[in-house]
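Engineer: Let me give you the structure first, and then I'll get to my questions.
The values are calculated or read from the model by the stated rules, or taken from the named source; none is laboratory data. Nothing here was measured: the structure is a model prediction, and the numbers come from that model. So basically every Cβ, Gly included, is an ideal-geometry build from the backbone, and we count neighbours across all protein chains shown. We work out accessible area using only protein heavy atoms, side chains counted, and drop any ligands, DNA or RNA first. Shrake-Rupley method; radii C 1.70, N 1.55, O 1.52, S 1.80 Å.
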Amino acid sequence: RFQACLYFACVFQAMSCGIHYLASVFMAVTPSFVCGIPGNVSRALFYNSSESSLEDIWTLWTSSENYIVVQLENGEIWELNQCSRAKREASLNLTYEYRGNKSIFSCSDGFLYDDTKWKSTVVTQWDLVCDREWLAKLIQPTFMLGVLIGAVIFGDIADRLGRRRVIWFTSAGQFVFGIAVAFTFDYYSFVIVRFLLAMVSSGYLVVAFVYVTEFVGIKARTWASMHVHAFFAVGIMIVALVGFLVRTWWIYQIFLTIATLPFVLCCWMLPETPFWLLSEERYEDAQKVINIMARWNKVSTPCKVSELCSIQQDDLVGGRTGDNDTSSMKKHNILDLFCNWHIARRTITVWLIWFTGSLGYYVFSLSSVSLGGNEYLNLFLIGAVELPCYVIACIGMDKLGRRNTLIPFLILSALICVLIMFIPQDFNILIILANMAGKFSIGIAFGLIYLYTAELYPTIVRSLAVGSGSMMCRVGSVVAPFCVYLRSVWTFMPLLLVGIMALLSGILTIMLPETLGKPLTNTLVEATEMGRNKKSCSEKTPPAYSGAALEKIEMFGQEKVSTQK
């Protein structure tokens, strides 16, 4: 009961991460537009269609190369293009084609936008078109840069200060910055606030994975961690729904952020994880959390930290001294992920999988835009298609193991990349299906790596490992658009790169240890021994909390209940 309440509270907040990650899809959309005009329009002409207002013209607009001819109340006739306007000289008749003299002017009177779909977006709010179009294109990359930085910073902070404090700060930050985005006064303040929002959203997602992993026992860990992704996907579907219902960007942003409020009001009640408390040798605090878990789960005789960790009672009260004191005070950093050859090789492989998963996911997504149809429905389905993906991943992870599920789906995505190269270009439906199959297979690998990373590393650097992996993931998402641009070199160049990366990742994954059914490790020594029983990091192993003992902690809240029954 205790673990279930914590889990659903944390994954509920994960929906807001999915919301903020995809919010710009509709918030920063660029509608059809033309140059503004210096007067009131009496008639408008688009090809052979004559209308009394520009609003009626937008339904006929088909290409950015089109232009609109308007006649003002003072008799002047203007041609309105997207980034310029021309005044016809000595023209009395309103015709679409004109070969006489024209005076070209810039868009000094602003722009006219098609507001039939969106009443207002950040593009129309600050005229991010023509020579300012590059500013609109920077909105999502700067957000992803914030995601990248936040993953590393908050992952490291969570290992130093605890998971609970970071969850408090990042969840509150999501609400505060989310609301602040809606009330920004110019483009630059908008980008800065969204950058901060990206940092806290990424930080929460990284630490939440570690948090639920350390509370949930082995039997439920696979499904619990994987379905954090499912709630993230639900957030994407919420973006599609709210985007369909609300067409003004700042109201849209407020509605999306309100989803964060329930968790913010109750997150202060979340406890710290016993794993982190034990790694910091705060045995009394760990015992308090265990006692609370026992009361919620109706366990009459909760386990004792002193018994599980073989600690004398005086050590439990007073703490340890000497060399162990010095070891516990050691601050860990990213270099600990390369402390010896076995851990370093593991880190390089894990980072490559993170990068490949993100790169492949976005390349396949960008290749599927030819599906067409309703844009809101498309986004909803993009989120919905992830749900069965994670179910299949969970079944495979529980039945075959983490590594044995990851390897075939990485290699399968590489084979699909090769297959697409041999499909004739006029077989559009088959190409789309193959792209979706590739996205599905790389999505399984992408979702699996979160849990696998958390299980491959010990408590003292677990958040840092997941955070650094998420950083590589964001690097992949930034590189993906540039990878797609390589189509100009060769049509299949993006697929070739993804296929090579996926194949290489699949081969290197063979050397990783299997973690299915194994307890979480607490020190770098134990993590090294999980892979190979060789010489490990030059760090003392505190005998107080071995992997077996920690496994009892994570399972007592469930197995002891069943024992009493």
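Engineer: If Lys and Arg each add +1 and Asp and Glu each add -1, what is the summed charge of the other residues whose beta carbon sits under 14 Å from the beta carbon of residue 398?
Structural biologist: +4
Engineer: Now for a different question. Using a 1.4 Å probe, how large is the accessible area of residue 42, given in Å² and rounded to the nearest 10?
Structural biologist: Around 50 Å² of this residue is reachable by solvent.
Engineer: So between residue 72 and residue 395, what do we pick up on full extension, going 0.36 nm a residue minus the alpha carbon distance?
Structural biologist: 109.6 nm
Engineer: Express the accessible area of the stretch 334-530 per residue in Å², computed with a 1.4 Å probe while the remaining protein chains stay in the model.
Structural biologist: About 38 Å² of surface per residue is accessible.
Engineer: In what order, largest first, do 395, 334 sit by accessible area if the probe radius is 1.4 Å?
Structural biologist: On the way: 395 85, 334 65 Å².
Ranked from most to least accessible, the order is 395, 334.
Engineer: Can you check how the C-alpha radius of gyration of the stretch 82-222 compares to 2.2 N^0.38 Å, as a plain ratio?
Structural biologist: So the Cα radius of gyration is 1.67 times the expected 2.2 N^0.38 Å.
Engineer: Could you work out the percent of alpha carbon pairs in the stretch 334-530 separated by over 21 Å, rounded to a whole number?
Structural biologist: Result: 52 percent of Cα pairs exceed 21 Å.
Engineer: Something else: Keeping all protein chains in position, work out how much accessible area residue 231 exposes to a 1.4 Å probe, and write it in Å² to the nearest 10.
Structural biologist: 60 Å²
Engineer: Given the Cα atoms of the stretch 382-441, and with Rh set as the inverse mean 1/r over their pairs in the Kirkwood sense, what is Rg to Rh to two decimals?
Structural biologist: Value, to two decimals: 1.05.
Engineer: At 1.567 mPa s and 4 °C, plugging the Kirkwood radius over alpha-carbon pairs of the stretch 400-478 into Stokes-Einstein gives what diffusion coefficient in µm²/s?
Structural biologist: Roughly 91 µm²/s, to the nearest whole number.
Engineer: If R₀ is 51 angstrom, what is the calculated FRET efficiency for the pair residue 296 and residue 504, using the beta carbon separation as r and rounding to 0.05? Provide the component values of the computation, followed by the final result.
Structural biologist: On the way: r = 46 Å, r/R0 = 0.90.
After rounding, the FRET efficiency stands at 0.65.
Engineer: Using a 1.4 Å probe on the protein chains only, how many percent of the accessible area of the stretch 334-530 belongs to carbon and sulfur?
Structural biologist: Working: 5790 of 7510 Å².
Reported share for carbon and sulfur atoms: 77 percent.
Engineer: What residues from the stretch 488-510 fall in the zone where the backbone N is under 20 Å from a label point 7 Å along the Cα-to-C-beta line of residue 421?
Structural biologist: So the set is 488-508.
Engineer: For residue 288 and residue 96, calculate 0.36 nm times their separation in residues minus their Cα-Cα distance, and state this gained length in nm to one decimal.
Structural biologist: 61.1 nm
Engineer: Can I ask one more? Does a label point 7 Å from the Cα of residue 385, set along Cα-to-beta-carbon, have any residues of the stretch 407-441 with amide nitrogen under 13 Å, and which are they?
Structural biologist: 429-441
Engineer: Pull out the extension gain between residue 131 and residue 344, defined as 0.36 nm times the separation in residues minus the alpha carbon to alpha carbon distance; nm, one decimal.
Structural biologist: Numbers: separation 213, 0.36 × 213 = 76.68 nm, distance 4.66 nm.
Extra length from residue 131 to residue 344 when fully extended: 72.0 nm.
Engineer: In what order, largest first, do 188, 361 sit by accessible area if the probe radius is 1.4 Å? Please report the intermediate quantities before stating the final value.
Structural biologist: Working: 188 135, 361 35 Å².
Ranking 188, 361 by accessible area, largest first, yields 188, 361.
Engineer: When N counts the residues of the stretch 457-497, how does its alpha-carbon radius of gyration compare numerically with 2.2 N^0.38 Å, as a ratio?
Structural biologist: Cα Rg divided by the expected 2.2 N^0.38 Å: 1.70.
Engineer: May I pose another question? Students often get this wrong, so check it: of 219/304; 119/439; 298/518; 137/439, which have C-alpha atoms separated by over 28 Å?
Structural biologist: Beyond 28 Å between Cα atoms: 119/439.
Engineer: Now for a separate question. Heavy-atom accessible area of residue 234 with all protein chains present, probe 1.4 Å, nearest 10 Å²?
Structural biologist: 50 Å²
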